[in-house]
Structure formats: C-alpha cells, structure tokens
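The values are calculated or read from the model by the stated rules, or taken from the named source; none is laboratory data. For clarity, every value in this text was computed on a predicted model and none was experimentally measured. Ideal geometry is used to build each Cβ from the backbone, glycine not excepted, and the neighbour counts take in all protein chains shown. To get the accessible areas, we keep the full protein, side chains included, count just its heavy atoms, and leave off ligands, DNA and RNA. Shrake-Rupley method; radii C 1.70, N 1.55, O 1.52, S 1.80 Å.
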Amino acid sequence: MTSRSIGEWAFRAACLLVLVFLMLPTLIIAPMSLSPDNYLHFPPPGLSLRWYRAFLFAPDWIDATLFSLQVAALTMVASVLIGTAGSVALVRGRLPGRQAIEALLLAPLIIPPIIVAIAVYLQFAPLGLTGTITGFVLIHTALAVPYVVLVVSAALQRLPPSLELAGLNLGASRLTCFRRIVLPLIAPAVLAGAVFAFLASFDETVVSFFISGTEHKTVTRKMFEDIEFNLSPVIAAASTLFVVATIALMVVANASRMASKPQKN
Amino acid sequence: MNRGIATRNSGLSVHIDGVSRRYGRVTAVADVSLQVAAGEFLSLLGPSGSGKTTLLMMLAGFEQPDEGRLLVGDRDLTHVAPNKRGIAMVFQRYALFPHMTVAENIAFPLRTRGIGRAERDEKIRNALAMVKLDEYAARKPAELSGGQQQRVALARAIVFDPPVILMDEPLGALDKKLRQHMQVELKQLQRRLGATVIYVTHDQEEALTMSDRVAVMNHGRLVQLGFPRELYDRPADPFVADFIGDMNLLPGTITAASGSACTIQLDGGLAFGIAPHPLVAGAAARVAIRPEHVVLSPARAGAPGLQGRLTQTVFNGGTTVILVELPGGTMLHASVGTRSEQAALQPGAPVVASWAPDQAIVFSGFAPPA
C-alpha cells in the first residue's frame, strides 16, 4: 500500500511542478502589470493601475486591439464555415485522396510559422494585400481552419451515421438532415472550434508581424514594437487583460466540448 | 387483403429482381430475386456477412445495386433517392435523434411531408398509443429504457403510414425476455397495420416465430425461400439444415438408392433417409436428423440402427439432451422428454439410435464442410 501511494504522490508532485513551470511566465506578468514604476520589475515596487489606464486610453493601443478583434471575428466566421463543411466532407464523404486532403488541411499546424510568414509576405506584397483586413483574414483563416477541423471531425466521428440515414429514410433532404440533426448535435464542437479559431487569429504573431502595415497592425505586432522601443509595463497590463479574456473564452470552449460528449444512457 | 381490425392502409408488394452488389472483389449480394407479397412479413435470415443487411440497405436506398431492379408496388425504386422512397426503416440501434423529445422524433417524418400541426399531433398520439407509450411524449430518448426506445423507433417508422417497413435486427440489443415479448407485439402491430415488413435477423428462432415466410441467405445468395415450417422440415441444403434449429449432420455413404429414398452406411450402422433430389448408390452423403427425432434404446444384439455409447445427459427443463458417441467418434445429439424412459439411461450405457426414415434428410453432392 505505502510504496504504491508514495509513487502516486511523487507522480502528482511531478505533475504539479510541470504545471507551475508552464504557468509561471504567464502568472508573473500579472503582478508586474500593477507596478507604478516606468520599467518592468518583479516583484513590483508598489501597486497601481497606471499602466491599465495607459493601455485603455491610448488610441494606438485601442486601434490595434480593435483591428485584432475585427480580424479575429471575421477569421472565426470564415474558418468555422470552411472547417465545418470540410469536416463533413472528410468524415462522411467518400472523397478520393481523403488522407492527402486531411494532411494538407492540417499542414499549417506543423509548418513553422516563420516559413508561412515569409511565403505569405512574398505573395501578399505584390497583390497589395499586406496591411489590409482582407489579407489578415485570408491567412489567419488558413491557419485557424485546422483547429475547427480537428474539433468538429472528432464530434462527427462520434455521431452514429445511422442518425443521418434515419433522417433521409424519414423523408428529409441531406441539407435538412444536416440542419435539423447533425448541426444541433455537433453545435458544442462547432462553438469550441469557433473559440479556437478566434484565439488562433487573435494570438497570431509571426505572420502578423510580417504583413502588418503602418496603418493596420494587430495588437501582437504593436506589442512587439513597444517592447523594442520602451519596454514599459503597459505590455504587462495588456497581456494580463488578454490572458484573462483568453481564459474566459477557453472556459466557454471547454464547457461546450464537455456538453458535446455523448451521454451515457 | 383483409387483415381484420383497423387496417389503416394496406402494404405494397416488393419485388427484388436479379439484384447484385459488389465491393471490389467481394460480392456482397449475388443475383438475388425475391417477391414479397403485399402485407407479408418476410425475414431475411443468415449469418453475418451473408448479404442480408446489404440487401436491406439497397431497399432503403443507402446502397446502389450494381445489377438488378427493386420495385415497390409498380414503382421502380432502383434509382430513387432514399428520402423519396416513402418506405420506413427501423434501425438496429434505433437511431433516435437524441436532441429531440419522443414526440419530436415521431413528428420528424410528418414535418418532412409538410403535414400540418393539428393532423401531426393526432398522428403522433395514435402512434404513441399503438406502441403503448402515451405517457412518454415529452421525454428525451436517453431517459427511456432500451425496450422503450425501440418502441419509439417503431412509432416513428409507422407514423407516416408507410406501405413497406424495413427492419434491421431491431430487437438485437434487447435481453431475451424482452425480445420475445417484443416479437409478439411487433407481429400484432404489423397485422393491424397491414404493412409489408422485411425483417433482417441472424436469429433463426426469431425468424421462424414472426415470419410469414423466411428467405435464408448465405455468401450473398438466396439459398432457400419458404414458410418457417418448410425450412424446418425440408431444408434445401446442409447449410439451411444446420442453420435452422438444432440438427445432427452425419457423414456416410449411400449403399442402396431407389429414387429419393435410400439406405446409407453411417458411423455405427445402417440408416434410412430420403433426399430432396435423386440419389446414386455409392455416393458420399450426409444425413440430417433433428435431435427430437432420434429414438434411443438400450443396445440389443441385431437391433437396427446406429450402435453407440451414451456419454452425457444434459437437463434442459422440459427436454433432456443426450449425447451419444458413435464408434468412429462422431457425436449424435438426441432430445428426449425429461420424464421419458430414454432420459433415465445412464452415461456409459451402450445404446442404439434410430429414426423414422421420412424424418432423415439425405444430402448428396454437396461438398463436405472444410
């Protein structure tokens, strides 16, 4: 009994350490953002909301944030439409070369972002797509679709095909089957996919760094510039706000994924 | 066809005409032709992989035949989309829509047909009453037992008055008691509706109990089509003989033949039998004899029959199964009344097994099983 529980405790402790290691850089940002000082310090010499005010009332920060939110929202819509339709084709269709298509769809997850960034920049610059919302949404959608495909395909695979067959048998068209049977049942996964797509776009840094213009830049690019020039705790304040928002979104995504797990009967 | 009480609409005949389906090099259904009469309950019976489910899927429109035609009534459905066929299907695992209530599930086929609210509610009520689930309209499928879910699936299938109902092992997931109960109910329901039912099952008992006729399939082919009694008493080949009910299949050699009657040398002695086809003396053959037709008696010198040794008696309730080992090692099963004298025979006793000649069927010219 004892040797077993000692092993178990050691294992739990190791897990906890790994978690702390992973989380610490993110957690350390929060106290640093409350510093009254002009530079990033840890621990902060005092407490103040000065840098939150600096972030929230600076037009260039707000512009960049709004631009990022706009790109992320459009990316989310586009990648949910494409990713869900693609998942249906991959899971339910009898596509020739299904595996090749699947591999291509998921490629953006594997290819290093810097390579994508350079390639996209070289393509977008002559087309005048750099620094435009269209350009951002195009490439962010390509990067976000894999997340939607992964989550939605998994949900579709759990759905017995006989449900759709029953729908057809009872007189519904394929479209009606999708709308009335499939979509309601995979809705939680679609919602989770939407959250992932939104975050994939909002967090995206490398490609955004390359294709941002002076006019239209994402908040991630803006942070990079700020770090280069003055490294003020406004970065920490912005980061903390984004981390909190991200956590909230992830909770939503997870909750809906849980809800999509098949019920035991 | 008048089936008595409350026939709502009569069923339509189904004509399966030379249908084949291949998957690559595997032939799932090989040139099957079959006429199902209007209002008939027909079972497609066979082991897994026999093609019975593929045939059903083609009737539903989920699979396309490579050859042949499918007709319901006078209408050729071969190339009609599954949602335009108007024939219902009950699935193996019910396929109820989990996000809809029982009433919404049953309303589904009515909505797709554009039936108005008032008529819809009326039909749902009737269908629920028909399967005795009046109280459960507002429940979700997950809140029901397996048997109840099965009834909802049935209600959903019959609510739009389909002339033909396809059933794919609908009782397979239920426990034995409930299954037997549902068999009776299903049969009564079908009689009342007058619908044609094509019922896929691998359970021969179920097929014999419920069906007007049974089509036995093996390796994609239709091997025998007949009334349950016919299949049991006069199987057309060793496969059907073995698949339907319990059967002894004893290998031997024909010693004398006259038309379809013969004497045959078996392990342990000479026996009589008749064949569904003319026989030739000297040919290898197998004798099919039901355990309940085997008569055992204590061994006496010169008694006609097969000499053997009783190895075991197995109490089965009303009947007792007696295992007899023949000299060459072949096992013979006999089923006798538990209170009969034969059941009192003791293991180790030498016995003689015999039967009335017209109860043994001789198959010759079939390859012995590998």
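What to note about this one:
- Counting only alpha carbon atoms, the long axis of helix A:133-158 and the longest principal axis of chain A meet at about 50°.
- When B:Phe91, B:Phe272 are compared by accessible area at a 1.4 angstrom probe, the order from most to least is B:Phe272, B:Phe91.
- Helix A:59-92 and the longest principal axis of the Cα set of chain A meet at an angle near 20°.
- The heavy atoms of A:Val244 offer some 90 square angstrom of accessible surface to a 1.4 angstrom probe.
- Net charge over other residues, Cβ less than 14 angstrom from the Cβ of A:Gly213 (K, R count +1; D, E count -1): -1
- With helices as the sole contributors, the protein assembly as shown gives -15000 deg cm²/dmol at 222 nm; each DSSP H run of n ≥ 4 counts as -39500 (n - 2.57), and the sum is divided by every residue.
- Stokes-Einstein diffusion of the stretch A:184-243 at 4 °C, 1.567 mPa s viscosity, Kirkwood radius from Cα pairs, rounded to a whole number: 98 µm²/s.
- When Rg and Dmax are taken over the Cα atoms of the stretch B:23-136, they come to 17.1, 52 Å.
- Note on the stretch A:37-151: percent of Cα-Cα distances in each 5 Å bin, starting at 0 and stopping at the bin with the largest distance, equals 2, 10, 14, 14, 15, 12, 10, 9, 6, 4, 2, 1, 0.
- Around the Cα centre of chain A, unit charges on the Cβ atoms of Lys, Arg, Asp and Glu (plus for the first two, minus for the last two) sum to a dipole of about 1260 debye.
- In degrees, nearest ten, helix B:117-130 long axis to first principal axis of chain B (Cα): 20
- 3J(HN,Hα) along the stretch B:284-294, derived from phi through the Karplus expression 6.51 cos²θ - 1.76 cosθ + 1.60 where θ = phi - 60°, amounts to 6, 8, 10, 9, 9, 9, 5, x, 6, 9, 7 Hz, with x in place of Gly and Pro.
- Debye equation applied to the C-alpha atoms of chain A, log10 I(q)/I(0) at 0.08, 0.10, 0.11 Å⁻¹: -0.45, -0.67, -0.78
- Solvent exposure, largest accessible area first (probe 1.4 Å, DNA, RNA and ligands not counted), of A:Lys222, B:Lys176: B:Lys176, A:Lys222
- Each Lys or Arg adds one and each Asp or Glu takes one away; over the other residues whose Cβ falls under 14 Å from the Cβ of B:Leu332, this sums to -1.
- Relative contact order computed over chain B (Cα-Cα under 8 Å; 6+ residues apart), in percent: 16
- A simple count of charges around B:Asp237, restricted to other residues whose Cβ falls under 15 Å of its Cβ and scoring Lys, Arg +1 and Asp, Glu -1, yields 0.
- Using Cβ point charges alone (K and R +1, D and E -1), the dipole size of the protein assembly as shown about the Cα centre works out to roughly 940 debye.
- FRET efficiency, 1/(1 + (r/R0)^6) with R0 60 Å, evaluated for A:Ser173 and A:Asn38 via beta carbons: 0.40
- Shape summary of the stretch B:14-240, radius of gyration then Dmax from alpha carbon positions: 17.5, 56 Å.
- Accessible-area ranking of B:Asp212, B:Asp74, largest first, probe 1.4 Å: B:Asp74, B:Asp212
- For q = 0.11 Å⁻¹, Debye-computed log10 I/I(0) when each Cα of the stretch B:125-259 counts as one equal scatterer: -0.51
- Extension gain, B:Ala281-B:Asp175: 0.36 nm per intervening residue step, less the Cα-Cα distance, totals 33.3 nm.
- Set of aspartates and glutamates near A:Lys217 by C-alpha distance (under 16 Å), chain-local residues within fewer than 8 positions excluded: A:Asp60, A:Asp63, A:Asp203, A:Glu204, A:Glu225, A:Asp226, A:Glu228
- In this assembly, the A-B interface accounts for approximately 1900 Å² of buried accessible surface in total, computed with a 1.4 Å probe and without ligands, DNA or RNA.
- Reference-scaled alpha-carbon Rg (2.2 N^0.38 Å with N residues) for the stretch B:114-203: 1.10
- The heavy atoms of A:Leu16 present about 110 square angstrom of accessible area, all protein chains included, probe 1.4 Å.
- Measuring only protein heavy atoms, the 1.4 Å probe finds A:Asp37 accessible over about 50 Å².
- Legend: Rg and Dmax of the protein assembly as shown, from Cα coordinates, 36.0, 118 Å.
- Pairwise label distance in nanometres, A:Arg98 with B:Ala142, each label 7 Å out on the Cα-Cβ vector: 2.7
- Taking all C-alpha pairs of the stretch A:161-214, those more than 14 Å from each other amount to 66 percent.
- Relative contact order of the stretch B:246-364, defined on C-alpha pairs under 8 angstrom at six or more residues apart (%): 31
- The stretch A:58-260: relative contact order as a whole-number percent, Cα under 8 Å and 6+ apart: 34
- What the phi angles of the stretch B:219-236 give under the Karplus curve with 6.51, -1.76 and 1.60, with θ = phi - 60°, is a coupling list of 6, x, 10, 7, 8, 7, 10, x, 5, x, 4, 4, 5, 6, 8, 10, x, 7 Hz, glycine and proline written as x.
- Taken one residue at a time, the phi angles of the stretch B:148-160 give Karplus couplings (6.51, -1.76, 1.60, θ = phi - 60°) of 5, 4, 4, 5, 5, 4, 5, 4, 5, 6, 9, 5, 9 Hz. Gly and Pro are set to x.
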